[in-house]
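The values are calculated or read from the model by the stated rules, or taken from the named source; none is laboratory data. Not measured: the values here are computed from a predicted model. Here the Cβ positions follow ideal geometry from the backbone for every residue, glycine too, while neighbour counts run over all protein chains shown. These area figures cover heavy atoms from the full protein model, side chains too; ligands, DNA and RNA do not enter into them. Shrake-Rupley method; radii C 1.70, N 1.55, O 1.52, S 1.80 Å.
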Amino acid sequence: MRILYHVMSAPSPLGLLFLAATERGLRYVEFMDRRSLKRTIAAHAADNPDAAWEPSVRELRPLAELIEKYFCGTQKNFHVPLDPVGTEHQRKVWQALASIPYGETRSYGEIAKAIGEPRSARAVGLAANQNPIAIVVPCHRVIGADGKLVGYSGGLPRKKALLAIEGRFRALQDVDGDRVIEQLHVKVRRTAETPRGKNARPVRGATRLRPVTGAARAKVTLATGRLAPARVASPPAAVAAAPKARALSAGAARKSLRRP
């Protein structure tokens, strides 16, 4: 049997993750702690006596990318084939764990009822602790009946970190890149062109429309022979000079019109 493996880095306090898969599906996702790669593989020799272990970045990279997206909150469910090694009871428990929704938790007693064995909460806890596919099979979502974080093989700091990730991104909708970019574009354009509120200030360098009246309008009329429009686009420099034009009296404007 051929088993492909890959090691990826995860945010602290998760550390390095060991990924391994057979041709049937994902077999291991586990925290390496301070174990070497050689010791990690050797720990699974008994369950895979005839396996040929082969490193493969290319074939396991898609899975690694899904897990990276999970850490960013954009991947909430893993729809990948699984191939764990375990007893029938363990497989039932792991299947029930996989059905816990993202961002939610269940007690060991609730999982025991879900698999039809309401008195086996202790056995459920043991099976969850032996889950070989961390994160993808979310045993971190199982807590004690009193709500405390107990019984996680990766350690309570990791369990707390994974639940914190899901709690932070639980309300986040699936990301649609084009839709998000378009919304940002509209928001930026609206902010630049149409500032809102009494005290809103236009963006520096943005075009502003100012009324042309008095001497300024008269000068435009003399130069072109046409009546200047009521509103023209004026850059920031012209806007700064506008108060001076408005200061001219109506008499000064008429005087300028009489000049040959």
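Go through the residues of region 20-30 one by one and say whether even a single one is of a type in the set (S, T, N, Q), outside any strand (DSSP E or B), touching a strand residue (DSSP E or B) at 6+ places or on another chain (Cβ under 9 Å) and surrounded by fewer than 19 Cβ atoms within 10 Å (Cβ to Cβ).
Looking through region 20-30, at least one residue is of a type in the set (S, T, N, Q), outside any strand (DSSP E or B), touching a strand residue (DSSP E or B) at 6+ places or on another chain (Cβ under 9 Å) and surrounded by fewer than 19 Cβ atoms within 10 Å (Cβ to Cβ).
Contact list please: Cβ distance under 7 Å, first residue in region 74-87 and open to solvent by less than 70 Å² (accessible area, probe 1.4 Å), second residue modelled with pLDDT of 95 or more and among the hydroxyl-bearing types (Ser, Thr, Tyr), pairs at least six apart or on different chains.
Pairs found: Lys76/Tyr102; Asp83/Thr22.
Any idea which residue in region 88-114 is most open to solvent (accessible area, probe 1.4 Å), counting only those that are part of a loop (DSSP other than H, G, I, E, B) and touching a residue at least 24 places away in the same chain (Cβ under 8 Å)?
Glu104
In region 120-142, is there at least one residue being among the hydrophobic types (A, V, I, L, M, F, W, C), in contact with a strand residue (DSSP E or B) (Cβ under 9 Å, 6 or more places away or on another chain) and open to solvent by 60 Å² or more (accessible area, probe 1.4 Å)?
no
Just to be sure before I move on: is Glu65 exposed (fewer than 13 other Cβ atoms within 10 Å of the Cβ) and either in contact with a strand residue (DSSP E or B) (Cβ under 7 Å, 6 or more places away or on another chain) or in a strand (DSSP E or B) (or both) in the structure I sent?
So Glu65 fails the test.
Inside region 31-61, can you point out the residues that are of a type in the set (Gly, Ala, Ser), surrounded by fewer than 14 Cβ atoms within 10 Å (Cβ to Cβ) and under 21 Å from Asn131 (Cα atoms)?
Correct list: Ser36, Ala42, Ala43, Ala45, Ala46.
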